[in-house]
Each structure stands twice: as C-alpha cells, then as structure tokens.
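In what follows, a single structure is set out as structure tokens and then discussed.
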Amino acid sequence: MLRKILFLSLISTLAIGISSYTYINSQPKPAKKSAKKSSKSKKAASGETSTESANKITWYNMTEGYAKAKKEKKVLIVDVYTDWCYWCKVMDRQTYENKTIVNKMKEYAVAVKFNPEVNGNHTVNGQTLSSDQLGIYLNKGSRIPGYPNTFMWKDLTNSSKIESYSGYLDTTVFNIYLNKMIQQ
C-alpha cells in the first residue's frame with residue numbers, strides 16, 4: 001500500500017513538473033539584445049554615460065537628461081524600466097526603435113532611461129535624490145505603480161506638470177502623448 005502511494009505521488013510530481021515546463025516554454029520570449037546594448041542601458045541608468053547613434057534615440061541618465069532638456073527647452077521623456085520587465089523590453093524594441101518616434105524625439109525631446117532598482121543619486125531641479133526618491137518625485141508623491149512607466153515633462157521648473165503614463169505604450173499611443181506634450 002505504501003509503495004502504491006509513493007508511486008502515485010511520484011507520478012503526480014512528474015506530471016506537474018512536465019506541465020509547468022511545457023507552459024513556461026510555450027510563452028513568447030522577448031528577443032535577446034546584444035550585451036553591448038544592454039550595458040549601454042545600464043550605464044545610462046547608473047549615470048556613467050549617454051549613447052548616441054544616427055538611427056536610435058540617445059538615452060541619458062536623469063542628471064544629464066534633466067540638465068540638457070532644461071538648457072535646450074525640450075520635453076523630458078523618462079522611461080522607467082526594470083531589467084526583468086517583459087513589456088519594458090517590448091517597448092524598447094517596438095516603440096523606441098520606431099523611425100517616426102526616433103526622429104520626433106531627436107527634434108523635440110531629451111530621453112532618460114531610469115531603473116529605480118539601481119541605486120544612485122540624481123540631480124533634478126537643484127535637488128539630489130536617491131533612486132527611490134526620484135521615483136516618488138516623478139510620480140508626485142507616490143511610488144511608481146508598475147513597469148514600464150513613462151513620464152513626460154515640458155515645464156521643468158514645475159514638477160506638478162509631469163505627466164505619467166503607466167504600462168506599455170505602442171507607437172500610436174506614445175506618438176499621441178508626445179504630440180500633446182510638444183504642443184503645450
């Protein structure tokens with residue numbers, strides 16, 4: 001009797017394991033990015049450098065991006081992401097690599113990549129903020145509700161004018177929000 005129970009328990013465990021493996025491997029996977037591109041995003045998030053290419057958006061860390069947008073009187077776009085966020089990666093590939101979006105961003109905006117899970121100091125409006133504090137500052141006193149989250153800010157001296165867009169934004173929706181911000 002004990003052997004039968006152990007045997008059934010083993011079969012049940014194997015069935016659950018196989019079902020889990022099948023389910024996990026049937027889910028769509030984000031395309032892998034090259035290590036070079038990944039390290040650039042991490043450098044921008046940590047404040048080390050910006051990246052620039054003719055057909056791509058130039059991403060800055062928050063301190064550089066804020067100063068540049070203020071000096072050039074451009075819209076500040078803050079892409080809040082995490083390394084584990086599937087939809088953040090989809091937005092990187094689809095929205096932020098769209099030629100129309102890239103061209104419009106280059107002309108009217110300064111782009112910032114911000115990973116709130118990476119500790120660092122960020123200077124905004126004369127204040128030095130930790131990553132946690134910056135997230136709360138951008139979201140007007142609340143924690144960031146989820147990822148991706150996009151903040152658009154034109155009047156950089158007035159934090160009450162920061163617009164927050166939570167979740168994945170496809171090219172069409174992102175373009176609508178960007179146009180609205182440009183026209184303010």
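The values are calculated or read from the model by the stated rules, or taken from the named source; none is laboratory data. Quantities reported herein were computed from a predicted structural model and do not represent experimental measurements. Every residue, glycine as well, gets a Cβ built from its backbone with ideal geometry; the counts of neighbours run over all protein chains shown.
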Within region 131-153, count every residue that is under 14 Å from residue 111 (Cβ atoms) and either out of contact with any Cys (no Cβ under 8 Å at 6 or more places or on another chain) or part of a helix (DSSP H, G or I) (or both).
4
Breaking point among (1) at pLDDT 95 or above; (2) within 22 Å of residue 156 (Cα to Cα); (3) β-branched (Val, Ile, Thr), for residue 95:
(2)
Restricting attention to region 75-110, and to residues there that are in a loop (DSSP other than H, G, I, E, B) and among the charged types (D, E, K, R), which single residue is farthest from residue 169 (Cα to Cα)?
83
Are any residues in region 70-85 surrounded by fewer than 22 Cβ atoms within 10 Å (Cβ to Cβ) and either at positive phi or out of contact with any helix residue (DSSP H, G or I) (no Cβ under 7 Å at 6 or more places or on another chain) (or both), and if so, which ones?
70, 71, 72, 73, 83, 84, 85
Just for region 109-130: of the residues that are small (Gly, Ala, Ser) and touching a strand residue (DSSP E or B) at 6+ places or on another chain (Cβ under 7 Å), which one is farthest from residue 67 (Cα to Cα)?
130
Hey, among the residues in region 46-65 that are assigned to a helix (DSSP H, G or I) and over 15 Å from residue 150 (Cα atoms), which one's modelled with the lowest pLDDT?
46
Looking for something closer than 19 Å to residue 58 by Cα and surrounded by 16 or more Cβ atoms within 10 Å (Cβ to Cβ) - is there at least one such residue anywhere in region 136-149?
yes
Determine the pairs where a residue that is in contact (Cβ under 8 Å) with a residue 60 or more places away in the chain, located within region 137-156, has a partner that is of a type in the set (Ser, Thr, Tyr) with Cβ atoms under 6 Å apart, the partner being 6 or more residues away or on another chain.
147/81; 147/82; 148/81; 149/166; 150/165; 151/164
